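Notes for the one structure printed next.
Please treat every number below as a calculation from the coordinates, not as lab data. This is a predicted model, so every value here is computed, not measured. Virtual Cβ from ideal backbone geometry, glycine too; neighbours counted across all protein chains shown.
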Amino acid sequence: MLRVQLDRYIAAAATTFNSSTVMGMPAPPPWTIRPATREDGDFLVDMLVEVVNWSPEWKRKSRRRVLSAPGTAQYIADWPRENDLGVVGQVGDERIGTAWLRFFPTAEPGYGFIAADVPELTIGVVARWRGRGVGRALLRAVENEAQVAGIRQVSLSVERKNLAQQLYRAEGYRVVRPGYAGSDVMLKDLVQT
Ligand SMILES: CC(C)(COP(=O)(O)OP(=O)(O)OC[C@H]1O[C@@H](n2cnc3c(N)ncnc32)[C@H](O)[C@@H]1OP(=O)(O)O)[C@@H](O)C(=O)NCCC(=O)NCCS
C-alpha cells in the first residue's frame with residue numbers, strides 16, 4: 001500500500017516539475033496564431049524559400065531564384081489575393097511560421113493541383129522553431145479557417161523523402177496521385193461543421 005502511494009507521489013512530482021507542465025497541467029504553447037495579413041508578405045516569401053530548400057542535401061536556391069521561377073513564385077505572387085487564406089505563428093514580435101492556402105486555376109495549376117475549388121497548402125516554420133509542435137498547430141489553424149470559409153478540401157504536394165509527409169498523414173491527408181519529381185499529391189477532406 002505504502003509502495004503504491006510512494007509510486008503515485010513520485011509520478012505526480014515528475015509531472016509537476018516537468019518543464020512542459022505547470023502544476024500537472026500542460027503549459028500553454030509560447031506562441032500565438034493569428035490570421036496572415038498583407039504585411040506578412042515578405043515573411044511568407046521567407047518561408048516559401050524554406051519550403052523550396054527543405055532538403056539540406058540540395059544546393060540552396062536563393063530568394064531571387066524562388067521568386068523568378070514561375071512554378072514557385074505562383075504560390076506567393078500578388079499576396080494577398082482575394083481568396084488567399086493564411087495564418088502566422090508568433091512569439092512576441094517574432095514570426096515563427098506560417099501556413100497558407102491559395103486557389104489555382106486549372107490553366108495554371110500548382111504542383112499539388114486537384115481542382116480549381118481545392119486550395120493548395122504551403123507551410124513553413126523558422127528552422128530554430130521546428131520540432132516543437134508549431135507546424136502541426138499552424139496546419140490545424142489554417143484548416144480551421146478554411147472550414148469556417150466553407151472550404152471542403154485542401155491539397156498539397158510533398159516530396160516523398162520530406163518528413164513533413166508524416167505530419168500530413170497523421171493529420172488526415174492521403175496520397176491521391178504521384179506528383180512532380182518524387183513528390184506525392186495529398187488531399188484532405190475537411191469535416192464540415
Ligand atoms: C514541415 C514543417 C512545417 C513541420 O513543422 P514543425 O514545427 O517542425 O512540425 P511539428 O513539430 O509540429 O511536428 C509535426 C510532425 O512533423 C513530422 N516531422 C516533420 N519534420 C520532421 C523531422 N525533421 N524529423 C522528424 N519528424 C518530422 C513528424 O511526424 C512530427 O510529428 P511528431 O512530433 O509526432 O513526431 C517544418 O519542419 C518545416 O518548415 N520544414 C521545412 C519546410 C517544409 O518542408 N515544408 C513542407 C513542404 S511540403
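With the convex hull drawn around the C-alpha atoms of the chain, the volume per residue stands at 165 Å³. Working from Cα pairs under 8 Å separated by at least six residues, relative contact order for region 137-193 is 41 percent.
The simple spin-label model puts a point 7 Å past each Cα toward its Cβ; for residue 38 and residue 147 those points are separated by 3.1 nm. Between the beta carbons of residue 74 and residue 94, assuming R0 = 30 Å, the FRET efficiency works out to 0.60 to the nearest 0.05. Relative contact order of region 31-189: 20 percent, from C-alpha pairs under 8 Å at least 6 residues apart in sequence.
Distance between the 7 Å Cα→Cβ label points at residue 108 and residue 62: 2.4 nm. About its Cα centre, region 31-189 has a charge dipole of approximately 640 debye under the convention of +1 per Lys or Arg Cβ and -1 per Asp or Glu Cβ, with nothing else charged. Report summary: the helix-based calculation at 222 nm, which adds -39500 (n - 2.57) for every DSSP H run with n ≥ 4 and divides by the residues of the chain, gives -9000 deg cm²/dmol.
By average Cβ neighbour count within 10 Å, what is the ranking of 70-76, 178-184 from highest down? It would help to have the intermediate numbers written out before the result.
Details: 70-76: 16.4, 178-184: 14.9.
Listed from highest to lowest mean packing, they are 70-76, 178-184.
At full extension, residue 27 and residue 170 could sit 49.2 nm farther apart than now, given 0.36 nm per residue minus the alpha carbon distance.
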